[in-house]
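Heads up, the thing below is written out as structure tokens.
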Amino acid sequence: MAGKDEGALRELYDRHATWIHARLARRCADPDAVAEVLQDTFIAAWDGAARFRGDGAVGAWLWGIAIRRLISRLRRRTDVRLGPALLERDEYEISAEEQVLLRLENVDVGTALGRISPELRVVLQLTVIDGLTTREASALLGIPRGTVKSRLQRARTSLREELA
Amino acid sequence: MSTTWHVDATALASYAEGRCAPVVGASVEAHLMDCRECAAALRELLPHEPVERAWHAIRAHVEEPRPGFAERLMTRLGLSTETARLLGAVPAFRGAWLLGLFTVLVFAGFASLFAEDLGLALFLVVAPLVPVAGVAVSFGGDADPAHELVTVTPYSSLRLLLLRTTGVLATSVPVTVLLGLGLPGPAWLAVAWLTPALAGVSLTLALAPYVGTSTTAAVIGGTWSVAVLTANRLGDPVEVVEPLMQVLLAAVALVAAAAVLLRHSSLDLLGRHS
């Protein structure tokens, strides 16, 4: 794609756009903002294709662009609501199948993560799973950086206790 | 990356519907990033419409021609994109024109270094005519690749004219001034040609609509060359930029500029439906 080939871009889009869209939608409840971020992500990928050092997976590279675009989008407009994955309260009703799945697939970690409070889990999700810095996570959640750090610390401690 | 593990269909479905538990969601997301099969499976579960709509915008961006160097520089300097595009399309910003301009000036400069009076005369002939030629190329209709763009631009024709003329002057004047500074003779010579240049440009703009840009530029160029060479034969080529001539040329510039202003304000009143 560094060769500026539109066909290659379409291929990349077919391969990655859907999951990026779904993943963004879990973090931002405004469909227009999600569409805009998705668009910006691939445009940035196109413009910056030359800078992609093929040493990492393409998916991780794209997601890195997408989550940072989302942060700046959320920072720019305060009326955009966060998506379910970033809410600091639980809105989930874990179904029976899911409970089975949780037990099967994530034996220890799954139950441990399921037991820590949503505030702590969100912070873990942003830093560990989405790969953001504490500064970026604090910007996204609109809470001070110190709070992110202390919650992360508390999350680690309680996970350690659960898994011990 | 190919893995043997894939997201369970139930988990993927609950993820697609946005109602899966956080842990499952995190697990699915981490896997989707690298797994082609599961990403394809997710695509089957979700509506394609929003993703396709975003694609149209992306394609529009990708197919848009990349702005040239001059255009990007102007946008960086704070001009609006439209203004930068219009200016960037002025032929005077194109490589070929700039190269030609540079060559002519360098030759004139060299000539004046080696051949004293005649060389000086050559510089005085060339320097004011460079912007005139630039304006002629920029408004020449068929010589101007942006001619169509310009005729349909919703700008006042005067604003457009001034904008593009400024573009021409911005590229040719600084180079010529620098070159003039390197010449033998009084230092003010480096800027003395500005008044004839101004007169030439305004006159070209004023007369072009009636007799055509190329003809106007040729006539002005011819007249100016004869004037300089006559002065050279009579004694000193610098005579043509002496104070009296400066005043005279400034008057010509003013009258021509006034004519241009008048013509364009009436054109804009007519709504440019010609």
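Proximity of backbone amide H atoms, modeled 1.01 Å from N, is registered between A:C28 and A:G83 at under 5 Å, excluding neighbours fewer than 5 places apart on the same chain.
Summing charges over all other residues whose Cβ lies under 13 Å from the Cβ of B:M245, with Lys and Arg as +1 and Asp and Glu as -1, gives -3. For the pair A:S150 and B:Q246, label points projected 7 Å from Cα toward Cβ lie 7.4 nm apart. Buried surface between chains A and B: roughly 3500 Å² of accessible area, summed over both sides, computed with a 1.4 Å probe on protein heavy atoms only. The accessible surface of the stretch B:9-63, taken with every protein chain in place and a 1.4 Å probe, is 55 percent carbon and sulfur. The chymotrypsin sites (Phe, Trp or Tyr not before Pro) of the stretch B:5-67 meeting both criteria, a DSSP state outside H, G, I, E and B (loop) and at most 15 other C-beta atoms within 10 angstrom of the site's C-beta, are B:W5.
The values are calculated or read from the model by the stated rules, or taken from the named source; none is laboratory data. Given the structure is predicted, the values throughout are model-derived calculations rather than measurements. FYI the Cβ positions are ideal-geometry reconstructions off the backbone, even for glycines, and counts take in every protein chain you see. Each accessible area value is taken on the protein alone, full model and side chains, heavy atoms only, with ligands, DNA and RNA left out. Shrake-Rupley method; radii C 1.70, N 1.55, O 1.52, S 1.80 Å.
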